[in-house]
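The structure appears right after this line, and notes come after that.
Computed from the coordinates by the stated procedures, all read-outs in this text should not be read as laboratory data. Keep in mind that this is a model prediction, so the values were computed, not measured. When we count neighbours, we look across all protein chains shown, and the Cβ atoms used for this are built from the backbone with ideal geometry, even at glycine.
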């Protein structure tokens, strides 16, 4: 009896989330070159917009395709870090006063980011990929703040918008890493982490 083969997704379609994630990595050196050679506000805004949209849609498409793996999620977090470090460098070159005026907040943010990486590697031997709701909010705030700095030259409120939500998100990330008994990806809030902790402890104590 002849059977009809089910259609398979094209290989390229399955690579779309990865390509979107790598887009942010590819845009990082573009931001650096723009800052050094051609600091045009419109070019910065275009790169920031492309990076933001790639961040939004890589996860959505990966979940729709059923390939939202922990590895892909971790890669997304790394890509975010690489792109926004390059963006901060661009701000330092184009508008150094914006950095100097907020060195304390930036120092706190950098220290918390480092503390998170050290804690995660000490506990789980890998970096976190929680994709918290607070981190998503920070991503929106970073986009708005960096567009304002690099696109309009505004140096006051945009830097506050780009740093304070990040400090809050990093503090929540540290607490989640302390609460979780084992490494997990996609932990939206500290409350979810405590629920996971309680469930794990109950299952371990059950006869």
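Sorted largest first, the spans of the alpha carbon positions of the chain along the three principal axes are 65, 53, 24 Å. With the convex hull of the Cα atoms taken as the outline of the range 79-171, the averaged projected area works out to 5.6 nm². The relative contact order of the chain, computed from alpha carbon pairs under 8 Å that lie at least 6 residues apart in sequence, is 21 percent. Counting beta carbons within 10 Å around each of 178, 47 and listing the fewest first gives the order 178, 47. Counted over the range 8-94 with a bin width of 5 Å, the fraction of Cα pairs per bin, in whole percents, is 3, 16, 25, 20, 15, 10, 7, 4, 1, 0.
The length gained on full extension between residue 183 and residue 125, counted as 0.36 nm times the residue separation minus their Cα-Cα distance, comes to 20.0 nm.
Over the chain, dividing the summed -39,500 (n - 2.57) contributions of all DSSP H runs of at least 4 residues by the number of residues returns a 222 nm mean residue ellipticity of -27000 deg cm²/dmol.
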